[in-house]
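The values are calculated or read from the model by the stated rules, or taken from the named source; none is laboratory data. Because the structure is a prediction, the values reported are computed rather than measured. All Cβ positions, even for glycine, are placed from backbone atoms using ideal geometry, and neighbour counts span all protein chains on display.
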Amino acid sequence: MGLVRRKPEPEAEHPKPSVEQLDDPDPEHRRQAALGLEGVAEAVPALLDRVAAEREPQVRDAMLTTLAAVDSPAVAEALAGHLASDDAALRTAVAEALATMPVSVPAIMPGLLTDPDHRVRVMTAMILADLPHPASLMWLSDMIRDDPHPNVVAAAIDALLPSAGPQHAELLRGAARRFPDDPFLRFTVDAALR
Amino acid sequence: MTESPPKVLVVDDAATVRLYHSKLLGDAGFHVAEAANGLEAVEAALTTAFDLFLVDINMPRMNGYTCVETLRSETVGTPAPVVMISTEDRPGDADRAYAAGANLYLVKPVAADRLVRVCRMLTAGRGDAA
């Protein structure tokens with residue numbers, strides 16, 4: 001008597017990929033796996049572990065899309081650690097992802113605004129430019145008023161400008177006064193006030 | 001016969017930086033176009049023979065390093081000089097820029113007269129802006 005093949009269980013309409021598929025040699029399979037793992041809480045650590053090492057931009061973007069959808073403080077904090085990365089593609093992709101996480105990013109914003117690395121604070125201004133949160137303009141204003149580095153202030157002004165109004169005029173003039181030897185800041189403020 | 005001024009593409013996601021560099025170089029006699037990220041720059045380079053590229057690093061969609069690599073690739077193959085200009089001042093940033101194909105790496109802020117001088121030097125013989 002031959003073996004009786006057990007009738008397979010009916011598959012779910014869209015079965016979730018496994019975490020192991022994130023290591024598939026085929027980038028397209030990895031990308032599909034990363035997107036398919038959205039909503040799978042157990043996959044978050046695996047995605048966080050792999051996002052910095054992934055070399056294919058499309059796969060990394062898929063991982064970040066899935067992680068951003070989680071929008072939890074742990075994910076935001078882990079991703080923010082990459083803002084200081086030497087990998088320009090990684091740090092800019094992470095900044096774009098964090099800008100889509102309005103629930104969790106506010107909790108890490110105090111740390112980002114006071115990060116000792118001015119380059120991280122420049123990236124923070126990039127995040128705030130797109131972060132849909134009512135406090136974004138306030139944080140940008142804080143940077144313009146208080147940050148000691150002219151590049152951070154310039155990035156914050158650039159991020160603020162699309163939403164700036166007459167109420168920001170004195171803030172901008174104050175920035176120009178703080179950095180009297182920086183022609184770019186002076187030009188930017190003058191252009192904004194025109 | 002009148003030569004046309006050198007054509008410069010300013011590539012930066014910050015509108016204020018594009019405006020500033022465009023004003024500086026425009027006043028110095030260059031013909032200036034703008035792109036807001038690396039992808040836009042590559043698209044522009046496919047249709048226009050620029051004499052100089054001024055490229056930021058941290059940009060969405062396509063960062064500066066990838067942009068310069070693409071400009072130097074067979075896809076675009078531009079021989080025009082590239083100046084990378086960024087807030088990034090880590091020790092390896094300049095090396096990465098040169099490895100990507102840049103001719104010069106400058107850290108912001110760059111004095112206006114220095115930027116114009118550099119652009120004139122790199123475009124010498126390519127037009128009559130200088």
Residue pairs within 6 Å by beta carbon, gap of at least six or interchain, first lying in the range A:160-188 and within 14 Å of chain B (Cβ to nearest Cβ), second outside any helix (DSSP H, G or I) and surrounded by 14 or more Cβ atoms within 10 Å (Cβ to Cβ), listed first then second, are A:Asp182/B:Pro109; A:Phe184/B:Pro109; A:Leu185/A:Phe179
B:Arg18 fails exactly one of (1) more than 20 Å from A:Met126 (Cα to Cα); (2) basic (Lys, Arg); (3) without any contact (Cβ under 8 Å) to a residue 40 or more places away in the chain, namely (1)
Could we say that A:Ala156 is among the small types (Gly, Ala, Ser) and free of Cβ contacts under 8 Å to residues at least 24 places away in the same chain here?
no
Considering only helices (runs of 4 or more DSSP H) wholly within the range A:25-108, the ones with at least 2 residues that are within 28 Å of A:Met138 (Cβ to Cβ) are A:57-70, A:73-80, A:88-98
When every residue in the range A:66-96 that is of a type in the set (S, T, N, Q) and away from every other protein chain (no Cβ under 14 Å) is compared, the one farthest from A:Ala34 (Cα to Cα) is A:Ser72
Checking A:Ile157, A:Ile144 in turn, the sole residue that is more than 11 Å from chain B (Cβ to nearest Cβ), among the β-branched types (Val, Ile, Thr) and either assigned to a helix (DSSP H, G or I) or out of contact with any helix residue (DSSP H, G or I) (no Cβ under 9 Å at 6 or more places or on another chain) (or both) turns out to be A:Ile144
Within the range B:48-76, of all residues that are among the β-branched types (Val, Ile, Thr) and over 21 Å from B:Leu25 (Cα atoms), the one farthest from the other protein chains (Cβ to nearest Cβ) is B:Val76
Of B:Arg61, B:Arg120, B:Arg114, the only residue that is more than 26 Å from A:Leu64 (Cβ to Cβ), of a type in the set (Lys, Arg) and in contact (Cβ under 8 Å) with a residue 24 or more places away in the chain is B:Arg120
Given the conditions (1) at pLDDT 95 or above; (2) surrounded by 21 or more Cβ atoms within 10 Å (Cβ to Cβ); (3) within 14 Å of chain B (Cβ to nearest Cβ); (4) within 10 Å of the chain's Cα centre (by Cα), every one holds for A:Ala125 apart from (4)
Cβ pairs under 6 Å, 6+ apart or interchain, first in the range A:36-47 and touching a residue at least 40 places away in the same chain (Cβ under 8 Å) and closer than 18 Å to A:Glu77 by Cα, second assigned to a helix (DSSP H, G or I) and of a type in the set (Asp, Glu), ordered by first then second residue, are none
Of the residues in the range B:5-32 that are over 16 Å from B:Ala80 (Cα atoms) and part of a loop (DSSP other than H, G, I, E, B), the one that is nearest to the other protein chains (Cβ to nearest Cβ) is B:Ala14
Out of all the residues in the range A:125-134, is one or more without any contact (Cβ under 8 Å) to a residue 24 or more places away in the chain, charged (D, E, K, R) and in a helix (DSSP H, G or I)? no
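This table checks each residue for (1) among the basic types (Lys, Arg); (2) surrounded by 20 or more Cβ atoms within 10 Å (Cβ to Cβ); (3) within 21 Å of B:Ala111 (Cβ to Cβ).
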{"position": "A:Ala97", "(1), (2), (3)": "no, yes, no"}
{"position": "A:Pro132", "(1), (2), (3)": "no, no, no"}
{"position": "A:Leu140", "(1), (2), (3)": "no, yes, no"}
{"position": "A:Pro148", "(1), (2), (3)": "no, no, yes"}
{"position": "A:Val153", "(1), (2), (3)": "no, yes, yes"}
{"position": "A:Arg173", "(1), (2), (3)": "yes, no, no"}
{"position": "A:Arg177", "(1), (2), (3)": "yes, no, yes"}
{"position": "A:Pro183", "(1), (2), (3)": "no, no, yes"}
{"position": "A:Asp190", "(1), (2), (3)": "no, no, yes"}
Across the range A:128-174, the tally of residues that are hydroxyl-bearing (Ser, Thr, Tyr) and at pLDDT below 95 stands at 1
